[in-house]
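Contents: one structure, followed by commentary.
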Amino acid sequence: MSKRIVFTGGSGKAGRHAVPYLLSKGHKVLNLDLVPLDCPGVNTLFTDLTDSGQTFNALSMHFGFDGYETGKGPAPVDAVVHFAAVPRVLLKPDNATFEANVVSTYNVIEAAVKLGIRKVIIASSETTYGVCFAEGDKDFHSFPLEEDYDIDPMDSYGLSKLVNEKTARAFAMRTGADIYALRIGNVIEPNEYDRFPAFIADPPSRKRNAWSYIDARDLGQIVDLCIKKDGLGFQVFNAVNDTITANEPTEAFLKRYAPKSPITRPLGEREAPLSNRKIREVLGFKEEHDWRKYVPKA
Ligand SMILES: NC(=O)c1ccc[n+]([C@@H]2O[C@H](COP(=O)([O-])OP(=O)(O)OC[C@H]3O[C@@H](n4cnc5c(N)ncnc54)[C@H](O)[C@@H]3O)[C@@H](O)[C@H]2O)c1
């Protein structure tokens with residue numbers, strides 16, 4: 001069913017693929033961002049989400065000029081997808097990264113639920129698993145990385161995402177809204193598969209991403225599945241593709257390259273160490289963009 005979706009950060013790396021995916025499923029989208037998105041049929045409302053007043057307004061406006069034709073004011077919003085963020089460390093001073101991500105996410109979730117929007121999907125991150133932006137060579141506690149892991153980032157970006165998950169949980173408890181946090185893996189755009197031969201040739205180089213990734217278009221599918229699936233309250237979902245970015249079977253690979261991290265359950269032969277089992281089982285995710293389709297046999 002066609003939904004009216006406010007998407008934040010749609011002009012960015014992930015959003016510019018996820019938004020067209022949502023349009024292809026028949027949804028209507030308004031993009032909230034600081035910079036334009038080149039996507040026919042999608043208006044970008046220039047909004048600074050660190051400002052609560054702007055955020056409340058942006059979630060209660062027309063999506064475009066056609067909204068004025070009804071004479072009934074802005075139509076209700078069915079879901080908010082919040083991807084806008086400072087997307088990693090070392091782009092801004094640490095405190096500015098933390099502040100922007102925590103405040104904007106608080107503002108978006110608060111405005112959404114107080115305006116009566118019952119579905120919010122936020123971008124959390126693989127970095128919450130604590131290794132991606134760690135000082136030095138930190139080991140994962142165990143594999144696979146699943147949603148009940150004791151997340152323990154030490155960097156300001158990963159910490160902001162951990163706090164955002166708590167914010168989501170608090171508002172879901174307070175209001176009964178569905179708020180789903182996606183722990184997104186390393187986002188790969190269609191033109192980035194030429195990086196994979198180097199990933200395969202140098203396994204230690206991908207430890208920080210737990211030898212996992214998410215195709216930006218498959219991320220669009222995950223968002224669409226979250227929009228469709230109601231009634232789960234607060235949820236965390238790993239948002240990654242099915243398989244490990246290596247040629248060896250997963251268990252043998254991990255024993256070799258992550259020997260200090262115990263394996264806590266039998267892993268699928270090529271299962272991604274940052275496991276997507278929950279989105280497959282709960283949401284019905286079926287990946288369309290296995291990296292092997294795009295990478296000559298390494
Ligand atoms: N790229 C990855 O590999 C990756 C991995 C895990 C999680 N994530 C998360 O996924 C989301 C999307 O990541 P991305 O790679 O597309 O990032 P990106 O930087 O390419 O896009 C983020 C967008 O948010 C906008 N934005 C930033 N601050 C804003 C503000 N105050 N108000 C309004 N808009 C603002 C930016 O203009 C940009 O267009 C982010 O939340 C990021 O933290 C990304």
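Where a number appears in this text, it was derived from the coordinates with a stated rule and is not lab data. As the structure is a computational prediction, the values presented were derived from the model and not from experiment. Note that each Cβ is placed from the backbone with ideal geometry, even for glycine, and that neighbours are counted across all protein chains shown.
Using only side-chain charges placed at the Cβ, +1 for Lys and Arg and -1 for Asp and Glu, the dipole size of segment 28-127 relative to its Cα centre rounds to 280 debye. Each Lys and Arg contributes +1 and each Asp and Glu -1, all at the Cβ; summed about the Cα centre of segment 4-293, the dipole is approximately 420 debye.
With each run of n ≥ 4 DSSP H residues scored as -39500 (n - 2.57), what mean residue ellipticity at 222 nm is computed for the chain after dividing by its residue count and rounding to the nearest 500 deg cm²/dmol? -9000 deg cm²/dmol, from helical runs alone.
Placing R0 at 45 angstrom, the Cβ-Cβ distance between A252 and E69 gives a FRET efficiency of 0.15 after rounding to 0.05. All other residues whose Cβ lies under 12 angstrom from that of N31 are scored, Lys and Arg at +1 and Asp and Glu at -1, for a net of 0. Counting every C-alpha pair in the chain, the share spaced more than 24 angstrom apart comes to 50%.
A Förster distance of 30 Å, applied to the separation of the beta-carbon atoms of A201 and K166, puts the FRET efficiency at 0.15. In this calculation the C-beta distance from R280 to R4 is compared with R0 = 25 Å, giving a FRET efficiency of 0.35. Counted by Cβ distance under 13 Å from K92, the other residues give a net charge of -2, where Lys and Arg count +1 and Asp and Glu count -1.
Our note on the geometry: Cα centres of segment 1-51 and segment 110-178, 22 Å apart.
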